[in-house]
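Worksheet: the structure to be examined is printed underneath.
The values are calculated or read from the model by the stated rules, or taken from the named source; none is laboratory data. Everything numeric in this text was worked out from a predicted model, so none of it was measured. Here the Cβ positions follow ideal geometry from the backbone for every residue, glycine too, while neighbour counts run over all protein chains shown. Accessible surface is based on the protein model in full, side chains and every heavy atom, while ligands, DNA and RNA are left aside. Shrake-Rupley method; radii C 1.70, N 1.55, O 1.52, S 1.80 Å.
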Amino acid sequence: MTRVTAGRSDHVVVVGAGLAGLSAALHLLGAGRRVTVVERDALPGGRAGRTELGGYRLDTGPTVLTMPGLADEAFAAVGDSLYRRVDLVPLHPAYRACFADGSTLDVHTDGDAMAAEVERFAGPGEAAGYLRLRAWLERLYRAQMRHFIDANFDSPLDLLTGDLARLAALGGFGRLDRRIGRFLRDERLRRVFSFQSLYAGVPPARALAAYAVIAYMDTVAGVHFPRGGMHALPQAMADAAAEAGAVLRFGQEVTRLERSGERITAVVTAQDRVPCDAVVLTPDLPVAYRLLGRRPRRPVRLRHAPSAVVLHAGTTRTWPQLAHHTLSFGAAWRTTFDELTRDGRLMSDPSLLITRPTATDPALAPPGRHLHYVLAPCPNTDIGPGAAAWADLGPRYRDGLLRELERRGLDGFGAAVEEECLVTPAHWHGQGHAAGTPFSAAHTLAQTGPFRPRNLVRGTENAVLAGCGTTPGVGVPTALVSGKLAAARITGGARRGSARATPARAGESAG
């Protein structure tokens, strides 16, 4: 039985119009609730925002969209459709991987096409291993989705389902790199199916094999791009919510929550006071806990994922070797993860994600121009340079990044830049993200599933959290699921497989 908020829930205020907040709003509307969304920015999106720069339209957050069906589920809650509102373009290849030895691999989501590419790249033995890996990833996803991803947790005992046994039998509690190594011997190929764990905040050598589910989303389920940029998704969600009756208040930052005992009675901004029966809080955990005036007790301090430096570059030219998404791997691998997660040092031999959205939608740049997004993982501000250090470090790091791109074959990159925006951990810190990272709490074993900060907080009976810091975790698909799970905590929509929902008694729901 899944716990829910207590008391009336006729009018719900959602704080934050990011993907999690908009997902929650749509699911609440579909359950008959009256919904007000309060957002500090002038546009919806949160992390998935939009900036206009000299005729270039920049996505300020994620650039990779997988599992669009999870977004469509939110639209369907109000009788709408993602595919009616957004023109989704499947990306072929999903990625292009470039390695330090000069070799290149196109990552296809079609099994036959990918097997042929792996055979070209590394021989028939590795192609056969890839097909076995693909089948394992599909089984892994099926074992996790119902009871580990799309699920609210009230206790570690909630893990005790048949899917737990299936996940264990699949080796999900072993180490990611070892499990991938059972299928693929080529070290370059193993990187392609394990680098995703970095965004969950754990190196492949220490990550649970269960996190290969992210590789399933990328390399099996497929990668898509919304025409108009990633921001087209939250904008469409906001439009659908408004048409379904939600009140959207942009440019209003929440300053405090009014309480009566253990109930939130109103959400207060500089401009207004909005009474409510329940509230969904989607800011990063430190901001949400500050608004609530209480922080859950945890035996150890939360560990956070690495951060990232992002260079948005509008250029006068492009480079034909770049796909929509290009993974540029350095020669180093284990050393890189140690630098990012243990030593707190910038990557000495960086692995980079280079996204060229104008490869799919040229309208995102002025005619004859191109848009490039270069993401370089870096230590978070807890273990690496502090937010203040990036004022001087940022420009120097940017120059070094341009030199590295040119060394890797993007000749003349620096000279081609006519508009740019550099985002560093100082930016994320200023946005209220703990440890200066947009990737929130790392997915260590002690911060996963029922051990992750819960979306019900002790001592508040009608507030629910959503977003990447809480259940189920980091990423676009999981942010969408977190909004759905938050709505279920209010409406009583039990997680699949459970009989019914029960109200949480004051002081009982864990954080």
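Restricted to the stretch 228-338, the set of strands (runs of 3 or more DSSP E) holding at least 2 residues that are of a type in the set (S, T, N, Q) and under 28 Å from V15 (Cβ atoms) comprises 254-260, 263-269. State whether the residues of the stretch 343-357 include one that is more than 22 Å from the chain's Cα centre (by Cα), on the phi < 0 side of the Ramachandran plot, surrounded by fewer than 20 Cβ atoms within 10 Å (Cβ to Cβ) and in a helix (DSSP H, G or I). Yes, some residue in the stretch 343-357 is more than 22 Å from the chain's Cα centre (by Cα), on the phi < 0 side of the Ramachandran plot, surrounded by fewer than 20 Cβ atoms within 10 Å (Cβ to Cβ) and in a helix (DSSP H, G or I).
Listed by first and then second residue, the pairs linking a residue in the stretch 251-266 that is without any contact (Cβ under 8 Å) to a residue 40 or more places away in the chain to a residue that is of a type in the set (G, A, S) and open to solvent by 60 Å² or more (accessible area, probe 1.4 Å), with Cβ atoms under 7 Å apart and 6 or more places separating them unless they lie on different chains, are T255/A270.
Have a look at T269, T265 and point out the one that is in contact with a Ser or Thr (Cβ under 9 Å, 6 or more places away or on another chain), surrounded by 14 or more Cβ atoms within 10 Å (Cβ to Cβ) and of a type in the set (S, T, N, Q).
T269
Of the residues making up the stretch 395-444, those that are of a type outside the set (A, V, I, L, M), closer than 17 Å to L302 by Cα and outside any helix (DSSP H, G or I) number 8.
If you check R3 against the conditions, is it touching a helix residue (DSSP H, G or I) at 6+ places or on another chain (Cβ under 8 Å), open to solvent by 10 Å² or more (accessible area, probe 1.4 Å) and modelled with pLDDT of 95 or more?
So R3 fails the test.
Of the candidates G330, G384, the single residue that is within 21 Å of R303 (Cβ to Cβ) and either surrounded by fewer than 20 Cβ atoms within 10 Å (Cβ to Cβ) or touching a residue at least 40 places away in the same chain (Cβ under 8 Å) (or both) is G384. Elements of the type strands (runs of 3 or more DSSP E) sitting completely within the stretch 87-192 and holding at least 3 residues that are surrounded by 15 or more Cβ atoms within 10 Å (Cβ to Cβ) and modelled with pLDDT of 90 or more: these cover 95-98, 104-107.
For the structure I just gave you, tell me whether L340 is under 22 Å from D59 (Cα atoms) and surrounded by 19 or more Cβ atoms within 10 Å (Cβ to Cβ). Against the criterion (under 22 Å from D59 (Cα atoms) and surrounded by 19 or more Cβ atoms within 10 Å (Cβ to Cβ)), L340 does not qualify. For beta carbons closer than 8 Å, sequence separation of 6+ or different chains, a first residue in the stretch 45-63 that is within 21 Å of V223 (Cα to Cα) and a second that is part of a loop (DSSP other than H, G, I, E, B) and of a type in the set (K, R), the qualifying pairs are T60/R47; G61/R47; P62/R47.
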